[in-house]
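The values are calculated or read from the model by the stated rules, or taken from the named source; none is laboratory data. All values reported here derive from a predicted model rather than from experimental measurement. Glycine also receives a Cβ, built like all others from the backbone with ideal geometry; neighbour counts cover every protein chain displayed.
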Number of protein chains: 2
Amino acid sequence: MAHQATISAPVNIACIKYWGKRDTSLILPTNSSLSITLNQDDLRSTTTAQCDPIFSPGDKLWLNGKEEVVKFGGRTATCIEVLRGWRRDLEKDKGLEPLSTYPLRVASHNNFPTAAGLASSASGLAALVFSLATLYSLPQSLGQLSLVARQGSGSACRSLFGGYVAWREGTQPDGSDSIAEEIAPRDHWPEMCALICVVSDAKKGTSSTSGMQRTVETSTLLQHRLTIVPERMSSISHAIKERNFDSFAQITMTDSNSFHAVCLDTSPPIFYMNDVSRSIIAMVEELNRVSGELGYGRIAAYTFDAGPNAVIYALEKWMGLVEKSVRRWFPQEGIVEVELEQEGNKVLGKFDERVMASWGKGAVKSLIKTRVGDGPRVLGEKESLLKDGQLKNS
Amino acid sequence: MAHQATISAPVNIACIKYWGKRDTSLILPTNSSLSITLNQDDLRSTTTAQCDPIFSPGDKLWLNGKEEVVKFGGRTATCIEVLRGWRRDLEKDKGLEPLSTYPLRVASHNNFPTAAGLASSASGLAALVFSLATLYSLPQSLGQLSLVARQGSGSACRSLFGGYVAWREGTQPDGSDSIAEEIAPRDHWPEMCALICVVSDAKKGTSSTSGMQRTVETSTLLQHRLTIVPERMSSISHAIKERNFDSFAQITMTDSNSFHAVCLDTSPPIFYMNDVSRSIIAMVEELNRVSGELGYGRIAAYTFDAGPNAVIYALEKWMGLVEKSVRRWFPQEGIVEVELEQEGNKVLGKFDERVMASWGKGAVKSLIKTRVGDGPRVLGEKESLLKDGQLKNS
């Protein structure tokens, strides 16, 4: 029977955004970033890696059931080659079975639709790297694996850890210190929840890979953003350590806006947020204004990646209110609007309707509710996507 | 018969934006700005000032036919007091009739609807200041009058000149060098045209007065913007002097985007542009991409003030194409769509439809076509809005 490992890896959503590379082939960022790993029970990439001398020569890769060509010299091939090399060293040192010489079969699957607009490359590459490391019984630390995942897809390095994760930009030209590390484990602050608002957008967006390079080349404000980020990294780490949601929310929203500001300052300008996104911002700002006036501080934080979808962070006790608000202002198809009241809390009765546009059904297409989660998990054979080097159910 | 003067003054639209005050009572800006004065034949404020000893005591002001209270210590009152003081000095020096002691009657009227979203305070205050200066036969230069208009409404100082106008931020604490001046007269580059796209927006916007102060207080990127503006002022002045539209357009669009980027970087973020605005940007960028590939360089430049309306600058020879493009992509109610072709020029056949959202009728409510224009004009009695201190037709 083939040697195998099956891994699931989580999605992460940055609070301090990664935008801009100082080295495009090693994927070295122009600034450090920080993310929250989301719960794999809700969103995950699952990857099975197998190797066997009886497989036909050459590696094969399936993505969501479709075979993909592993381009020589491409990012996925680079990750595979580094890990295979580490296995080769291990075999030499310890006289192990030469798995590194066996053809590989890798199958990967995301449990969320591509249409959800969530970057699947982070969880996908993290699962790929961790599945090979497990298959090859590599002794390397998660930090060392994060160097490999980073070269597959920058933010993938953060998906190797659960909880609250920083990606340090590093200073070495070879990228050896551009590494991900855990700031705090999930259990330090397990009440952190996330509501992903999937926003309709007819327009073709700018890919993040090309967008961030255009910003590096043309935005004059980016240089200033880079001088601000270190202070933000330190403040938000502190907020997480102190479980200070008010401060966490303020920094998260500010950095999201700063990121989109440098996109707008790019030539030609890049817009990822649309009118629905803007209106979600207005809603969260209103929620926070009202809760602040009532002495609760900020209770929700929006953040937007390279698309119109909002991710709203809130602590568990407030998430019901946040979700009700989203459903109230952005009714989904087939969902009955709910009244804005929770345990006698009528906090939303004073919403300023003049600043809130009213959206028709479907402007927010669907919602995904999730929360802070753990890192990659090793799964059992029952969950393997492959059998004897072939896709199951195919 | 009452002494009187009737003045019309133009609207101006900035290419380098004024955003932020270093002194809110003197209205001293955090950066220099530069605008184009639009043609008064299209858009203007008309103001008649009269004074007569037989008028009942106290000054009166009508705005668009409605009486307004001149608040003591307010900005309008400040302008009137400065000009009256200058008249008083003149009377003392030259023994002139004591007009400064007579009650004033001032009527002002804009020929464009408030709904057009054009700032009427600039043309209105410029007309007020110039009408009093004319009524009082003041010897002060336009530059000196611009110091007074500035204190009424910052950008009003630029509406005292025709053509291409700079407002120098100045360095004096008393504002004595924060003055407007002509960079080039209208006749230097008379081919400059403007198309104002009035965009529907249901949402209440943030007023520019409160918005710019919030940016000064909360945006970290604003400080960086301020270091960039001097170079832009100098480059765009050079482009205007050389009649280099390609460079003019590039700087104008970049500065508009930089201004909206610092609005987005404000806490809470300020959005003036909406999805229709974004789509107008995409259209102009497409026009310029296509014209650039054909060797014409940029042929149009968008700029957005504190609202969703676009002003598109283009030289006369391209304005037909620009207008047709706007009508093609943003059909107005009651307007038949026109084919995208001009004198055999099929340049727009290659529009990338994937980046252009399609808008329904009315997303752009109406269009105002205009062009570079001259400064305030002295009008005759026929155009006077007042008769014997009373509104005509009232």
Condition (residue is without any contact (Cβ under 8 Å) to a residue 60 or more places away in the chain and closer than 30 Å to B:Met273 by Cβ) applied to segment B:99-109: is it met by at least one residue?
no
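In this structure, is B:Glu67 more than 23 Å from B:Lys387 (Cα to Cα) and of a type in the set (Asp, Glu)?
Taking the combined requirement at face value, the residue does not satisfy it.
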Here are the criteria: (1) away from chain A (no Cβ under 14 Å); (2) touching a residue at least 40 places away in the same chain (Cβ under 8 Å); (3) not charged (D, E, K, R). Tell me which single one B:Ser141 does not satisfy.
(2)
Here are some residues: B:Ser100, B:Ser123, B:Ser108, B:Ser131. Which one is closer than 19 Å to B:Leu34 by Cα and outside any loop (DSSP other than H, G, I, E, B)?
B:Ser123
Is there a residue in segment A:189-209 that is out of contact with any strand residue (DSSP E or B) (no Cβ under 6 Å at 6 or more places or on another chain), closer than 30 Å to A:Glu316 by Cβ and away from chain B (no Cβ under 14 Å)?
yes
Exactly one condition in (1) at pLDDT below 95; (2) assigned to a helix (DSSP H, G or I); (3) more than 18 Å from B:Glu191 (Cβ to Cβ) is not met by B:Gly307; state its number.
(2)
Could you list all residues from segment A:217-236 that are more than 14 Å from chain B (Cβ to nearest Cβ) and either surrounded by fewer than 18 Cβ atoms within 10 Å (Cβ to Cβ) or touching a Pro at 6+ places or on another chain (Cβ under 8 Å) (or both)?
A:Ser234
Considering only segment A:47-68, I want to know if a residue exists there that is free of Cβ contacts under 8 Å to residues at least 40 places away in the same chain, of a type outside the set (S, T, N, Q) and in contact with an Asp or Glu (Cβ under 8 Å, 6 or more places away or on another chain).
no
Based on what the data block shows, is A:Ser153 at pLDDT below 95, out of contact with any His (no Cβ under 9 Å at 6 or more places or on another chain) and crowded, with 22+ Cβ neighbours inside 10 Å?
yes
Take segment A:298-336 and flag every residue that is within 14 Å of chain B (Cβ to nearest Cβ) and either without any contact (Cβ under 8 Å) to a residue 60 or more places away in the chain or among the hydrophobic types (A, V, I, L, M, F, W, C) (or both).
A:Arg298, A:Ala300, A:Ala301, A:Tyr302, A:Phe304, A:Ala310, A:Trp329
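Rundown of residues vs (1) modelled with pLDDT of 60 or more; (2) within 23 Å of the chain's Cα centre (by Cα); (3) not β-branched (Val, Ile, Thr), yes/no style:
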position	(1), (2), (3)
B:Val311	yes, yes, no
B:Leu340	no, no, yes
B:Ser358	no, no, yes
B:Lys382	yes, no, yes
B:Ser394	no, no, yes
From B:Gly334, B:Gly292, B:Gly320, grab the single residue that is within 24 Å of the chain's Cα centre (by Cα) and at pLDDT below 90.
B:Gly320
Kindly check whether there is at least one residue in segment B:156-166 that is surrounded by 19 or more Cβ atoms within 10 Å (Cβ to Cβ), closer than 23 Å to B:Pro308 by Cβ and within 14 Å of chain A (Cβ to nearest Cβ).
no
Going through segment A:134-146 one residue at a time, which ones are aliphatic (A, V, I, L, M), crowded, with 24+ Cβ neighbours inside 10 Å and under 18 Å from A:Thr37 (Cα atoms)?
A:Leu145
Right, A:Thr206: modelled with pLDDT under 95 and under 19 Å from the mean Cα position of the chain (by Cα) or not?
yes
Can you name the number of the only condition in (1) within 30 Å of the chain's Cα centre (by Cα); (2) in a loop (DSSP other than H, G, I, E, B) that A:Pro53 fails?
(1)
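Please state which one of A:Ile270, A:Ile281 is of a type in the set (A, V, I, L, M) and part of a loop (DSSP other than H, G, I, E, B).
A:Ile270
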Report yes if some residue within segment B:109-127 is modelled with pLDDT of 95 or more, under 20 Å from B:Gly74 (Cα atoms) and touching a Phe, Trp or Tyr at 6+ places or on another chain (Cβ under 8 Å); otherwise report no.
no
Being closer than 21 Å to A:Ile54 by Cα and not charged (D, E, K, R), is that true of even one residue in segment A:106-118?
yes
Considering residues that are basic (Lys, Arg) and either assigned to a helix (DSSP H, G or I) or outside the structural domain of A:Arg327 (by TED's automatic domain parsing) (or both), the number found within segment A:285-304 is 1
Residues of segment A:276-297 being within 11 Å of chain B (Cβ to nearest Cβ) and of a type in the set (D, E, K, R), which ones?
A:Arg278, A:Glu285, A:Glu286, A:Arg289
So is B:Ser247 surrounded by fewer than 21 Cβ atoms within 10 Å (Cβ to Cβ) and assigned to a helix (DSSP H, G or I) or not?
yes
It is to be established whether one or more residues within segment B:271-284 are without any contact (Cβ under 8 Å) to a residue 12 or more places away in the chain and assigned by TED's automatic domain parsing to the domain that holds B:Gly211.
yes
Cross-chain or 6+ apart pairs with Cβ under 7 Å, segment A:248-264 first and more than 8 Å from chain B (Cβ to nearest Cβ) and among the charged types (D, E, K, R), then surrounded by fewer than 24 Cβ atoms within 10 Å (Cβ to Cβ) and in a helix (DSSP H, G or I)
A:Asp255/A:Arg232
Considering (1) closer than 30 Å to A:Pro173 by Cβ; (2) outside any loop (DSSP other than H, G, I, E, B), say which one A:Thr48 fails and leave the rest.
(1)
Looking at segment A:201-215 only, could you name the residues that are part of a helix (DSSP H, G or I), in contact (Cβ under 8 Å) with a residue 24 or more places away in the chain and surrounded by fewer than 19 Cβ atoms within 10 Å (Cβ to Cβ)?
A:Gly211, A:Gln213, A:Arg214
